[in-house]
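Peer 1: This is the structure I have questions about; it appears just below.
Every number here is computed from the coordinates shown, using simple stated rules; none is lab data. Source: prediction; values computed, not measured. No Cβ is skipped: glycine too gets one built from the backbone with ideal geometry, and neighbour counts run over all protein chains shown.
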Amino acid sequence: MRFTKDHEWVELDGDVATIGITAHAAEQLGDVVFVETPEVGKQVKAGDAFAVVESVKAASDVYAPISGEVVEANPELDSAPETVNASPEAGGWFAKVKVSDPAQFEALMDRDAYEAFLQTQ
């Protein structure tokens, strides 16, 4: 699993990346009440907003940590957005993306680097 400074995580399985927000981000948001996942087939570019998460506190964009084509969106989040709070780095994933540039994954932070980054916040 790799992480961004915007608090997204990516897990790579072959050429498909599963993307979500980190436990830290979910905690900061508070109770998630709505998630807008990207459309299947959408081309995303690393750094672009590709989803929206709304909580009782705020609405926030979720940024694509890696470029590619959305091949699946998490259907569970439509009826159970609170899954993002309950399981942010597992069942609360947002989308799966067929990666166009695997080198982007290697450029992201590993868990140790992300934990160190959080200490600077």
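Peer 1: Given (1) more than 14 Å from Phe3 (Cα to Cα); (2) in a loop (DSSP other than H, G, I, E, B), identify the lone condition not met by Ala51.
Peer 2: Unmet for Ala51, out of (1) more than 14 Å from Phe3 (Cα to Cα); (2) in a loop (DSSP other than H, G, I, E, B): (2).
Peer 1: Taking the residues in segment 1-24 that are among the hydroxyl-bearing types (Ser, Thr, Tyr) and more than 15 Å from Asn74 (Cβ to Cβ) as candidates, determine which candidate is surrounded by the fewest Cβ atoms within 10 Å (Cβ to Cβ).
Peer 2: In this case the residue turns out to be Thr22.
Peer 1: Quick check on this structure: which one of Asp31, Asp13, Asp78 is in contact with an Asp or Glu (Cβ under 8 Å, 6 or more places away or on another chain), of a type in the set (Asp, Glu) and over 20 Å from Tyr114 (Cα atoms)?
Peer 2: Only one candidate qualifies: Asp31.
Peer 1: With respect to Val70, is the statement that it is touching a residue at least 12 places away in the same chain (Cβ under 8 Å) and either among the acidic types (Asp, Glu) or surrounded by fewer than 21 Cβ atoms within 10 Å (Cβ to Cβ) (or both) true?
Peer 2: It is false that Val70 is touching a residue at least 12 places away in the same chain (Cβ under 8 Å) and either among the acidic types (Asp, Glu) or surrounded by fewer than 21 Cβ atoms within 10 Å (Cβ to Cβ) (or both).
Peer 1: Determine whether Ala17 is small (Gly, Ala, Ser) and over 21 Å from Lys5 (Cβ atoms).
Peer 2: No, not satisfied.
Peer 1: Of all residues in segment 87-121 being outside any loop (DSSP other than H, G, I, E, B) and among the β-branched types (Val, Ile, Thr), which is nearest to Pro38 (Cα to Cα)?
Peer 2: By that ranking, first place goes to Val97.
Peer 1: Can you say whether Thr22 is in contact with a His (Cβ under 6 Å, 6 or more places away or on another chain), among the polar types (S, T, N, Q), under 22 Å from Asp112 (Cα atoms) and touching a residue at least 60 places away in the same chain (Cβ under 8 Å), as far as the supplied structure shows? Walk me through it before giving the result.
Peer 2: Details: in contact with a His (Cβ under 6 Å, 6 or more places away or on another chain): yes; among the polar types (S, T, N, Q): yes; under 22 Å from Asp112 (Cα atoms): yes; touching a residue at least 60 places away in the same chain (Cβ under 8 Å): yes.
In short, yes.
Peer 1: Would you check which residues across segment 54-86 are of a type outside the set (A, V, I, L, M), under 14 Å from the mean Cα position of the chain (by Cα) and not in a strand (DSSP E or B) and list them?
Peer 2: Passing the criteria: Pro65, Ser67, Asn74, Pro81, Thr83, Asn85.
Peer 1: If you don't mind, there's one more thing I want to ask. List pairs: first residue in segment 30-59 and touching a residue at least 12 places away in the same chain (Cβ under 8 Å) and surrounded by fewer than 16 Cβ atoms within 10 Å (Cβ to Cβ), second residue β-branched (Val, Ile, Thr) and part of a loop (DSSP other than H, G, I, E, B) anywhere in the structure, Cβ distance under 6 angstrom, at least six positions apart or on different chains.
Peer 2: Gly30/Val56; Asp31/Val56
Peer 1: If you don't mind, there's one more thing I want to ask. Residues to consider are Val53, Val40; find the one that is in contact with a strand residue (DSSP E or B) (Cβ under 6 Å, 6 or more places away or on another chain) and under 11 Å from Lys96 (Cα atoms).
Peer 2: Step by step, each of Val53, Val40 is checked, and only Val40 is in contact with a strand residue (DSSP E or B) (Cβ under 6 Å, 6 or more places away or on another chain) and under 11 Å from Lys96 (Cα atoms).
Peer 1: Checking the structure you have, find out if any residue of segment 64-78 is in contact with a helix residue (DSSP H, G or I) (Cβ under 6 Å, 6 or more places away or on another chain), among the hydrophobic types (A, V, I, L, M, F, W, C) and under 15 Å from Asp6 (Cα atoms).
Peer 2: Checking segment 64-78: at least one residue is in contact with a helix residue (DSSP H, G or I) (Cβ under 6 Å, 6 or more places away or on another chain), among the hydrophobic types (A, V, I, L, M, F, W, C) and under 15 Å from Asp6 (Cα atoms).
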